[in-house]
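The values are calculated or read from the model by the stated rules, or taken from the named source; none is laboratory data. Predicted, not measured: the structure shown is a model, and the values here were computed from it. All Cβ positions, glycine included, derive from the backbone under ideal geometry; neighbour counts span all protein chains shown.
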Amino acid sequence: MTTALYGGAFDPPHLGHVEVVRVAKATLDVDALVVLVSEAPGHKDVHASADDRLALARAAFPGEDVRLDRHPRTVELLRAESFDDPVLVIGADQFQDFLSWKEPEQVLALARLAVATRPGFPRDHLDEVLVRLEHPERVTFFEIAPIPAASTDVRALAAAGEPLDGLVPPAVAELIRARGLYSR
């Protein structure tokens, strides 16, 4: 059994995140997919509480196994948890910075990587990382449609009271509105 792991701050989750999950499930040979909401990301500040971000992720990914990840770094999660043949799904931007992660070679020893790319993303940036890895054969790439959505933009629009149509799933927009998230 193979388990895809897709993690992030999801502050908030947007349609680009949804597209990554959709295409990963359709193209990767996995038996299960787990969405992991980072409780306290070690690499970025968050604006909503872990409980709110977990609720938003559950609204964005209905029917998926959505859990809170209490580990600040991926390598710590992979060491502490037991996943069947894990495949870590990440975006091209994240892979571009993969060598700066805590113990990237250990991450790659504990899980294979599936990297979501999009048209126009410079492949040479990814190849520069790939050639520096001890086991580049543990990395695969899959392409997603470009979705012009970013959590930063969603938060700014929510703060301004603007509609979030076309950026987040309707259930996420409703939850942001109902809970008054990002309005400060």
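Computed values, structure above
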read-out	value
Number of the condition not met by Tyr6 [criteria: (1) without any contact (Cβ under 8 Å) to a residue 12 or more places away in the chain; (2) within 25 Å of Pro146 (Cα to Cα); (3) hydroxyl-bearing (Ser, Thr, Tyr)]	(1)
Matching option when the condition is over 14 Å from Ala111 (Cβ atoms) and in contact with an Asp or Glu (Cβ under 6 Å, 6 or more places away or on another chain), among Arg58, Arg22, Arg70	Arg70
Contacts under 7 angstrom Cβ, first residue in the range 164-184 being in contact (Cβ under 8 Å) with a residue 60 or more places away in the chain, partner in a helix (DSSP H, G or I) and among the basic types (Lys, Arg), 6 or more apart	Tyr182/Arg155
Boolean, Arg118 is more than 25 Å from Glu174 (Cβ to Cβ), in contact with a Phe, Trp or Tyr (Cβ under 9 Å, 6 or more places away or on another chain), surrounded by 13 or more Cβ atoms within 10 Å (Cβ to Cβ) and modelled with pLDDT under 95	no
Near pairs, Cβ below 8 angstrom, 6+ apart or cross-chain, from the range 134-158 (more than 26 Å from Val107 (Cβ to Cβ)) to any residue that is of a type in the set (Phe, Trp, Tyr)	Val154/Tyr182; Arg155/Tyr182; Ala158/Tyr182
Among the candidates Leu78, Leu99, Leu56, residue that is within 19 Å of Arg155 (Cα to Cα) and out of contact with any Ser or Thr (no Cβ under 9 Å at 6 or more places or on another chain)	Leu56
Flag for Glu174 being in a helix (DSSP H, G or I) and in contact with an Asp or Glu (Cβ under 7 Å, 6 or more places away or on another chain)	no
Considering residues of the range 22-67 that are under 21 Å from Asp97 (Cα atoms) and either of a type in the set (Lys, Arg) or touching a residue at least 60 places away in the same chain (Cβ under 8 Å) (or both) only, the residue surrounded by the fewest Cβ atoms within 10 Å (Cβ to Cβ)	Lys44
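For (1) over 26 Å from Pro62 (Cβ atoms); (2) surrounded by 12 or more Cβ atoms within 10 Å (Cβ to Cβ), each residue gets a yes or a no:
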residue: Gly91; (1), (2): no, yes
residue: Ala111; (1), (2): no, yes
residue: Glu137; (1), (2): yes, no
residue: Arg155; (1), (2): no, yes
residue: Leu164; (1), (2): no, yes
residue: Ala178; (1), (2): no, no
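Quick grid of which residues meet (1) β-branched (Val, Ile, Thr); (2) assigned to a helix (DSSP H, G or I); (3) in contact with a Phe, Trp or Tyr (Cβ under 8 Å, 6 or more places away or on another chain):
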position: Val18; (1), (2), (3): yes, yes, yes
position: Ala26; (1), (2), (3): no, yes, no
position: Leu33; (1), (2), (3): no, no, yes
position: Lys44; (1), (2), (3): no, no, no
position: Ala48; (1), (2), (3): no, no, yes
